[in-house]
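Visitor: Handing you this structure, nothing more for now.
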């Protein structure tokens, strides 16, 4: 079972996405900020990381930079999410961007593509 790390300060999003991903066969670990997310990523080495762009602290773009500095995490696919696409001015160092709210089918298709999993028959 592949593990996905979700990093977001919105507890409702974490809960909803965690439930959805578990229903689709993934193991899920959550973190409420990037510092906790970075520590969790180093500990569990997830197959995929999904992080919010706008959070207190280092923010999603800096979080992506910090992940790339850790050799065992540098190749882990990262999805950056935001409700405000226009606020991202950095050159992408993440693999995909999700505009919130994310349609369920689009989320699962994106994850399957990033993890190179065959599509679900459901």
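The values are calculated or read from the model by the stated rules, or taken from the named source; none is laboratory data. Treat the numbers as computed from the prediction; the structure is a model and nothing was measured. Note that we place each Cβ from the backbone using ideal geometry, even for glycine, and neighbour counts take in every protein chain shown.
Visitor: What is the one condition in (1) touching a residue at least 60 places away in the same chain (Cβ under 8 Å); (2) within 12 Å of the chain's Cα centre (by Cα); (3) assigned to a helix (DSSP H, G or I) that residue 4 does not satisfy?
Guide: Here residue 4 meets the rest and fails (3).
Visitor: A further question on this structure: Considering each residue of the range 56-70, count those that are crowded, with 16+ Cβ neighbours inside 10 Å and modelled with pLDDT under 90, and give that number.
Guide: Qualifying residue count, the range 56-70: 4.
Visitor: I'd like to check something: does the range 22-33 contain any residue that is exposed (fewer than 12 other Cβ atoms within 10 Å of the Cβ) and under 19 Å from residue 112 (Cβ atoms)? Steps first, please.
Guide: Kept after step one, since they are exposed (fewer than 12 other Cβ atoms within 10 Å of the Cβ), are these residues of the range 22-33: 23, 25.
Okay, now just the ones that are also under 19 Å from residue 112 (Cβ atoms), so 23, 25.
For the range 22-33, residues exposed (fewer than 12 other Cβ atoms within 10 Å of the Cβ) and under 19 Å from residue 112 (Cβ atoms): present.
Visitor: I'd like to check something: does the range 92-100 contain any residue that is out of contact with any strand residue (DSSP E or B) (no Cβ under 6 Å at 6 or more places or on another chain), closer than 14 Å to residue 8 by Cβ and buried (at least 16 other Cβ atoms within 10 Å of the Cβ)?
Guide: Within the range 92-100 (the criterion being out of contact with any strand residue (DSSP E or B) (no Cβ under 6 Å at 6 or more places or on another chain), closer than 14 Å to residue 8 by Cβ and buried (at least 16 other Cβ atoms within 10 Å of the Cβ)), the answer is no, since none of the residues qualifies.
Visitor: Separate question: Taking the criterion of being surrounded by 16 or more Cβ atoms within 10 Å (Cβ to Cβ), more than 21 Å from residue 113 (Cα to Cα) and out of contact with any helix residue (DSSP H, G or I) (no Cβ under 7 Å at 6 or more places or on another chain), would at least one residue in the range 71-82 satisfy it?
Guide: Of the range 71-82, the ones surrounded by 16 or more Cβ atoms within 10 Å (Cβ to Cβ) are 73, 76-82.
Retained after the next criterion (residues that are more than 21 Å from residue 113 (Cα to Cα)): none.
No: zero hits.
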